[in-house]
Amino acid sequence: MEILIIVAIPIALLLLGGAFLVVGQTSSFLQSTYFNSRQRHSDMIIQQYMNNLILAQTQISRRSRELELLAGKLDLSNQELARLNDMKSKFLSMVVHDVRTPLSSIKGFSELMIKKTTDKKSAEYLKNISLASDQLGRLISDLTDLAMIEAGKLKMEKTRVHFPEIAWEILPAIRINAQKRGVELIEHQFPEEIYIDGDKFRLSQVLMNLLNNAIKFTPAGKRIDLSFRKEGRHIVTSVKDSGIGLHPSETKKIFEKFYQAKHQKDEKLRKQGWGLGLSIAQEIVHSHSGEIWAQSAGLGKGSTFSFKVPVD
Ligand SMILES: Nc1ncnc2c1ncn2[C@@H]1O[C@H](COP(=O)(O)OP(=O)(O)OP(=O)(O)O)[C@@H](O)[C@H]1O
Ligand SMILES: [Mg+2]
């Protein structure tokens, strides 16, 4: 029995050692297989990234070549555009200049003949000629301003101005216009002791445009309010009417040149103008570091046009 134990123990130990060796070798084999497959996987991903990168680089260089081509074309069309714009401005000033002289002859002679004629019918026709030439004269002067704006030559001659004088000079003619159209013009308190650094003639032109628009777009029997208020370092002038109003989508667009509100259906009113007055007014107000804007509760609900300029 003792001999059996003595022989069995070393054999058992030998077998156990062998088993450990086999297990150890198998696990290191499994480990290396696992690491190899991981390595292959990451190599594949890196390769994929590289491929994508090369593709992106090719696309970028293709796109930048296209972009260069487009930029070249754009540069050419910009030059062409500038040339055409220049031609348009020159043409505009030429037309304005050439129409002004014959127009003043038409106006002058028709007025002279009105005084001389005794025939009622002829006097009426001559009056129509005179009115039409007034209308053309206004268009010519608006086009002159537009040509000057486009050429960057609309210069403001600024002096220290007593603000109410801007209104005083134009109001007599405006009152007559309002009366003729049957619209009541209410003039609220003028601001005392307010001075600005501005171009009196040009700012009067702004106010005149707003008041004439208000009279034009307000039916007979309704009213217009002209008011002023101080707002910090600015003086605000407002012309509020109870006329045809504005669609909310158009309160900004109407300041673009030649724009007339599309939602207003009255063709007759539209034909009385060219959509220039507000764009010129805006240019003048901006040249005074000011702002001009329109508000309306909607079509048929009247509008308020305001502009503000800094006080001196
Ligand atoms: N008080 C107002 N009420 C309603 N709509 C107005 C008023 N003032 C201006 N508008 C709208 O804005 C448009 C542009 O006005 P703007 O003064 O620029 O041009 P116009 O009066 O049509 O023509 P112009 O001033 O060149 O004789 C007008 O055609 C009109 O549709
Ligand atoms: Mg107008």
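We did not get these values from a lab; they are worked out from the coordinates using the rules stated. As the structure is a computational prediction, the values presented were derived from the model and not from experiment. Positions of Cβ are backbone-derived with ideal geometry, glycine not excepted, and every protein chain shown enters the neighbour counts.
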From the phi of every residue in the stretch 64-74, what ³J(HN,Hα) in whole Hz does the Karplus formula 6.51 cos²θ - 1.76 cosθ + 1.60 yield, where θ is phi - 60° and glycine or proline is x? 5, 5, 4, 4, 4, 4, 4, 4, x, 4, 4
Can you give the net charge of the other residues whose Cβ lies under 15 Å from the Cβ of Val183, counting K and R as +1 and D and E as -1? +3
On Cα atoms only, tilt of 171-181 relative to the major axis of the chain in degrees: 90 degrees
Could you compute the net charge surrounding Thr118? Neighbours are other residues with a C-beta less than 15 Å from the C-beta of Thr118; K and R count +1, D and E count -1. +3
Net charge (Lys, Arg +1; Asp, Glu -1) of residues whose beta-carbon lies under 13 Å from that of Asp225, Asp225 excluded, is +1
Given Cα pairs under 8 Å that are at least 6 residues apart, what percent is the relative contact order of the stretch 117-210? 35 percent
Gyration tensor (alpha-carbon) shape descriptor, the stretch 74-202, a/c threshold 1.5: oblate
Output the pairs from Lys107/Lys127; Lys153/Lys216; Lys158/Lys200; Lys90/Lys200; Lys200/Lys252; Lys200/Lys271 with a Cα-Cα distance over 18 Å in this structure; if there are none, say none. Lys153/Lys216; Lys90/Lys200; Lys200/Lys252; Lys200/Lys271
Quick one: compute the contact order of the chain, relative version, from alpha carbon pairs under 8 angstrom and 6+ residues apart, as a percent. 13 percent
Tell me the chymotrypsin sites (Phe, Trp or Tyr not before Pro) within the stretch 204-312 that lie in a loop according to DSSP and have at most 12 other beta-carbon atoms within 10 Å. Phe258
Helix 277-287: angle to the longest alpha-carbon principal axis of the chain, degrees 0 to 90, nearest 10? 70 degrees
Please name whichever of Gln39, Ala123, Pro219 sits farthest to the positive end of the charge dipole of the chain, dipole taken about the Cα centre and charges placed at Cβ: Lys and Arg +1, Asp and Glu -1. Ala123
Kindly put Ile254, Ile45 in sequence by how many other C-beta atoms sit within 10 Å of each C-beta, fewest to most. Ile45, Ile254
